[in-house]
Amino acid sequence: MVKKKKNRAPLPELPPGARLFDSHCHLDMEDYSADCSEVIKRAARAGVSKIMTIGIDLPSSRAALRLTETHPGIFCAVGIHPHSAAAADDAALTEISQLARSVKVRAIGEIGLDYAKMYCPREEQITAFRQQLELAAELRLPVIIHDREAHEETMAILRQVAPLQQRGVMHCFSGDLTLAREVVDLGLYISLPGVLTFNKTEALREVAREIPLESLIIETDAPFLTPAPYRGKRNEPAYVLYTAQCLSEIRGITLAEAAAQTTLNCEKLFALEGK
Ligand SMILES: [Zn+2]
Ligand SMILES: [Zn+2]
């Protein structure tokens, strides 16, 4: 007999007044075309007061910015993901820099290197990454860095541009504690994804436990990387609560403390304090 689909378990409760910040998701993606406003409402009800929705190419950067215009708590990053690095020509970068003049654009991203999928040759990824790091420095915006199986090269490039770059985050962090310390030494934040809630993620849990809380933020990367207990289903910003809860358990602090500090860190990173 086929089991009846169970109703979704209620989210853990955030203490009154506590706020969360989802530092990274992709609300413009097709996954939300039918119910984006519901998804945003659910996030607000769960205590997620601010959300960064992130561009991956020119069309998604435009779409991300459009979304922010109708939702006060939503901000965005514009940029070209390493998968689309081939599209990062002069015209595209010029438009990215024009979009970035909007007050709702709080970062350049996501940019970086992805040697896991290698949809684009290394050289093109590196060029697009460097150009967008320079653009961010020019515009005095922080960067959202995507690094998959490219730790060494990503760090080498970041070290070269470090004097230019004032703020940034290594999103969906996938390295170990040694790498995390190097990232923090460059003045960057580490963003912990819902992967933290999975079993057998000891390296990431160690990062969550050992890196100073002042350098940690949290993200969903929705619609991807759904945390437990919804692993395998579509992710959404409300679920950043599970990652906050997991972080609080790992560090032996309250959920309210984990929420308050990661939210404050995000507000500093994206210059959104008091906004
Ligand atoms: Zn990414
Ligand atoms: Zn992403």
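The values are calculated or read from the model by the stated rules, or taken from the named source; none is laboratory data. Remember, predicted model here, so these are calculated numbers, not experimental data. Every residue, glycine as well, gets a Cβ built from its backbone with ideal geometry; the counts of neighbours run over all protein chains shown.
What the table shows:
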{"quantity": "Matching residues, the stretch 193-216, being crowded, with 24+ Cβ neighbours inside 10 Å and within 14 Å of ligand 2 (Cβ to nearest atom)", "calculated": "PRO193, GLY194"}
{"quantity": "Per-region count, the stretch 121-171, residues in a loop (DSSP other than H, G, I, E, B) and either among the charged types (D, E, K, R) or within 16 Å of ligand 2 (Cβ to nearest atom) (or both)", "calculated": "6"}
{"quantity": "Residue selected from the stretch 57-86 under the condition assigned to a helix (DSSP H, G or I) and among the aliphatic types (A, V, I, L, M), by the criterion farthest from GLU124 (Cα to Cα)", "calculated": "LEU67"}
{"quantity": "Positions within the stretch 21-46 being touching a Leu at 6+ places or on another chain (Cβ under 7 Å) and buried (at least 24 other Cβ atoms within 10 Å of the Cβ), in sequence order", "calculated": "LEU27"}
{"quantity": "In the stretch 8-34, the residues that are part of a loop (DSSP other than H, G, I, E, B) and over 15 Å from TYR239 (Cβ atoms)", "calculated": "PRO15, PRO16, GLY17, ALA18, ARG19, ASP28, MET29, SER33, ALA34"}
{"quantity": "Condition broken by LYS50, with the remaining ones in (1) part of a strand (DSSP E or B); (2) within 16 Å of ligand 1 (Cβ to nearest atom) satisfied", "calculated": "(2)"}
{"quantity": "Contacts under 9 angstrom Cβ, first residue in the stretch 93-118 being closer than 14 Å to ILE80 by Cα, partner among the acidic types (Asp, Glu), 6 or more apart", "calculated": "SER97/GLU138; GLY112/ASP147; LEU113/ASP147; LEU113/GLU149; LEU113/GLU153; ASP114/ASP147; ASP114/GLU149"}
{"quantity": "Close pairs from the stretch 53-68: first β-branched (Val, Ile, Thr), partner more than 16 Å from ligand 2 (Cβ to nearest atom), Cβ under 6 Å, at least 6 apart", "calculated": "THR68/LYS104"}
{"quantity": "Some residue of the stretch 56-66 being within 19 Å of the chain's Cα centre (by Cα), of a type in the set (Val, Ile, Thr) and within 15 Å of ligand 2 (Cβ to nearest atom)", "calculated": "yes"}
{"quantity": "Matching residues, the stretch 87-118, being part of a loop (DSSP other than H, G, I, E, B) and either surrounded by 14 or more Cβ atoms within 10 Å (Cβ to Cβ) or among the basic types (Lys, Arg) (or both)", "calculated": "ALA88, ALA100, ARG101, SER102, LYS104, TYR115, LYS117, MET118"}
{"quantity": "Given (1) more than 16 Å from ligand 2 (Cβ to nearest atom); (2) in contact with a Gly (Cβ under 9 Å, 6 or more places away or on another chain), number of the condition ASP89 does not satisfy", "calculated": "(2)"}
{"quantity": "Single condition PRO142 does not satisfy, out of (1) within 23 Å of VAL105 (Cα to Cα); (2) surrounded by fewer than 17 Cβ atoms within 10 Å (Cβ to Cβ)", "calculated": "(2)"}
{"quantity": "Residue list for the stretch 196-214, filter: hydrophobic (A, V, I, L, M, F, W, C) and either touching a residue at least 40 places away in the same chain (Cβ under 8 Å) or under 19 Å from LEU27 (Cα atoms) (or both)", "calculated": "LEU196, ALA208, LEU213"}
{"quantity": "Which numbered condition ILE217 misses (of (1) part of a loop (DSSP other than H, G, I, E, B); (2) touching a residue at least 40 places away in the same chain (Cβ under 8 Å))", "calculated": "(1)"}
{"quantity": "Filter pass, THR226 being more than 30 Å from ARG140 (Cα to Cα), at pLDDT below 95 and of a type in the set (Val, Ile, Thr)", "calculated": "yes"}
